[in-house]
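S.K.: Let me give you the structure first, and then I'll get to my questions.
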Amino acid sequence: MRLEIQWITVEPGKVFIGSDNRSVLFGGIGPRHEVKIDYNFEISFLPVNHEIAEVALQDEDCYVASESEWTLAMEKKLISGENQVEELSDRIRGSYWLKYCDGRPFIEDNWLMKVSRTWRSGNPSISSIRKGEKCEYLRLVKRPKINHNDSSSPKLPASSDKSKLLFEELLISLIIGIIPSFIWAYFNASSGYISDGWLNLVFGGLFIGVFTVVFWRPRTNSWRVGNNCGKMKII
């Protein structure tokens, strides 16, 4: 089979991946974080058909592109596509926590989704493919032998600050839900309703506060690679 793959050289650089918006409708996989790629690599200009990719991947220097490599090439406007869904090598369960930020693929334990990109009229959007589903196209890279087992590379922590998030949720529920519920009851409910039905007001306010996560939440912390220490730091 003749391999008609156009390879484009990509120089080292930094890119940001992920979302700092954790609302249900408008958010994405987080946290937002910087990735620093220190090596040159080549990437296919277009997504590659699965059959051709299988042959190309027999070359020991050829791999399926990581999300970081894809993003760096895309920001440099070096790649393109047209009405295809292309699979990348990263495997996600629900977050980027514990990810090495040096360009290597991120494969989360017990992953559920394959990271992908969907092209429509030359414009890509972030998408995912469920575990077990096949994809017709892959994005390929040729990279030098990189030690992707190097544990000294910058790495995101194991999780977010859960106590901070819990406090934030309680504060949002208090300001948006509970306090307005009591104010409404004070001016509109019958006499004695607050003293008799305060528990209902509290739970109703909590529900309203939690429900707002569908539309809005404060931005979460973003992370960058330290210039001198090589560790991940909150921006």
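A short reminder: the numbers here are calculations on the coordinates, not readings from a lab. Computed from a predicted model, the values in this text were never measured in an experiment. No Cβ is skipped: glycine too gets one built from the backbone with ideal geometry, and neighbour counts run over all protein chains shown.
S.K.: Per DSSP H run of at least 4 residues, take -39500 (n - 2.57); add these up for the chain, divide by its residues and hand me the 222 nm value, nearest 500 deg cm²/dmol.
M.R.: Value at 222 nm, helices only: -7500 deg cm²/dmol.
S.K.: List, in order, the whole-Hz ³J(HN,Hα) value for each residue of the range 219-235 obtained from phi through the Karplus relation with A = 6.51, B = -1.76, C = 1.60 and θ = phi - 60°; use x for Gly and Pro.
M.R.: Coupling constants for the range 219-235: 4, 8, 5, 9, 10, 10, 7, x, 5, 10, 7, x, 9, 7, 10, 6, 6 Hz.
S.K.: For the chain, set up a Gaussian network in which alpha carbons nearer than 10 Å are linked by springs, and say which option among 151, 222, 19 fluctuates the most.
M.R.: For the chain, modelled as a Gaussian network with Cα springs under 10 Å, the answer is 151.
S.K.: Sticking with this one: Under 5 Å between amide hydrogens, which residues at least 5 positions from residue 10 or on another chain qualify, with H placed 1.01 Å from N in the peptide plane?
M.R.: Long-range HN contacts for residue 10: 41, 42, 43.
S.K.: Let me ask something additional. Please give the contour-minus-distance gain from residue 214 to residue 158: 0.36 nm per residue of separation, less the Cα-Cα distance, rounded to one decimal in nm.
M.R.: Gain on stretching residue 214 to residue 158: 17.6 nm.
S.K.: In whole Å and largest first, what semi-axes does the C-alpha gyration tensor of the range 1-139 yield when each eigenvalue is scaled by 5 and square-rooted?
M.R.: 23, 17, 15
S.K.: If I take R0 = 30 Å and measure r between the Cβ atoms of residue 166 and residue 191 in this structure, what FRET efficiency does the formula 1/(1 + (r/R0)^6) give, to the nearest 0.05?
M.R.: Efficiency, from the Cβ-Cβ distance: 0.25.
S.K.: So how far, in whole Å, is the C-alpha centre of the range 134-200 from the one of the range 46-77?
M.R.: Between the Cα centres of the range 134-200 and the range 46-77 lies a distance of 35 Å.
S.K.: Taking R0 as 25 Å, what FRET efficiency do you get between residue 25 and residue 49 from their Cβ-Cβ distance, rounded to the nearest 0.05?
M.R.: Given R0 = 25 Å and the Cβ-Cβ separation, E is 0.15.
S.K.: Follow-up. Just how many % of Cα pairs in the chain lie over 34 Å apart, if you round to the nearest whole percent?
M.R.: Counting pairs separated by more than 34 Å, the tail of P(r) holds 31 percent.
S.K.: Under 28 Å from the Cα of residue 231, which lysines turn up, not counting those fewer than eight places away in the same chain?
M.R.: Residue 231 reaches 14, 36, 76, 99, 114, 142, 145, 155, 162, 164.
S.K.: State, as an integer percentage, the relative contact order of the chain based on alpha-carbon contacts under 8 Å between residues 6 or more apart.
M.R.: Contact order relative to length: 23 percent.
S.K.: Related question: How would you rank 135-141, 26-32, highest first, on the average number of other Cβ atoms within 10 Å across their residues?
M.R.: The densest-packed peptide leads the list: 135-141, 26-32.
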